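Comments concern the structure below.
Just so you know, all these numbers are worked out from the coordinates, no wet-lab data involved. Keep in mind the model is a prediction, meaning the values are calculated, not measured. Using ideal geometry, Cβ is built from the backbone for each residue, glycine included, and neighbour counts are taken over all protein chains shown.
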């Protein structure tokens, strides 16, 4: 049996409305180090978006490398696999590879094909247990255009379906085929950093990331032989499509839309039957509150509600709760945000999101049903096509309709 800690989307160096998250990252990383020791973890898999920026600050990089050393000291025999996400500069992440290999850290960046063949040594990482290879991790980072086979040359353009999805499928197939001779029937874990269709995303927090304006791939792009697929990119912990295909979610809420998430990591056991996963919640190091708890309120109530929180006025800035405020529209002045800031200034809170109730009668059906709003530019074109087709014809589009849609889209 192999014990794996699956995590992702750390976004080290992130700021929220100008407020640093360094203090929160330090505390959740403490929890991560404790977990690997308590759970006797054999492999830690980080599924992308180590940093929030492709040009992270020196302080963000220091926090990352110090964490890797602490994880190694907590479990010297543990294999650590770190993959690049869309927020990371893969080359920068891979640069200290020779040093990181010495402490069991394997960093996976862009796909390389010297002489046309995939350099498997950069992707297939053995999991050692008591000095013996007990399993493998096939590490795959965010698939850039350069990583996708045949896409640049247009070889997938004339085929049915999405050329981007087909290129991602081909990438995983090629990596799996190259890895197959090395697997020797041992437990096998695959990673990915992308949006898998059916996954629930948080409004405004996760970018639509695949090239060509597409962002979602079906769960069957991953090898069917894999015991578990460790995903990154979506910040909500969730399974997608198959029980073994899972997002661990982020360690802390990265936007106000993630207030209700139960952030943490996935603890996975493989090698003794079907993979088993457990979502381990990590306590939120700083409260993230919503005023009011439900519905909205007049601006005039804000001061009383802040006072009712009964917070210690001496709280240091980094420990002050983040706050989302929901205001009713009635009688609200255009300068309401400045008034919110003026009122909140007298309390130990950090206001990061102020929302005004939508005008009744013009809110889309999905919003009235409680689904978070998403800007049109963030909607998947296929989702919009399915919605329009169903409204026009009263039935969902079939495979033939979707085939025509994807052909038209590919030629656009």
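Worth a mention:
- Calculated Rg and Dmax of segment 179-337 using C-alpha coordinates, Å: 21.0, 69
- FRET E, pair residue 117, residue 66, Förster distance 45 Å, beta-carbon r, rounded to 0.05: 0.75
- Rg then Dmax, both in Å and based on the Cα atoms of segment 288-356: 11.6, 35.
- As a rough guide to protection, the peptides 101-108, 228-235 ranked by mean Cβ packing within 10 Å, highest first, stand as 228-235, 101-108.
- Residue ranges 182-195, 279-292, 337-350 sort as 182-195, 279-292, 337-350 when ordered by packing (mean number of other C-beta atoms within 10 Å per residue, highest first).
- Whether segment 1-136 is rounded, prolate or oblate, judged on the alpha carbon gyration tensor where a/c under 1.5 counts as rounded: oblate
- Of the residues 162, 335, 141, the one with the fewest other Cβ atoms within 10 Å heads the list, and the complete ranking is 335, 162, 141.
- Length added when fully stretched, residue 55-residue 31, from 0.36 nm per residue minus Cα-Cα: 6.0 nm
- All Cα-Cα distances of segment 237-288, cut into 5 Å bins from zero to the largest, leave 4, 20, 26, 20, 14, 8, 5, 2 percent in each bin in turn.
- For segment 2-281: rounded, prolate or oblate by the Cα gyration tensor [a/c cutoff 1.5]: rounded
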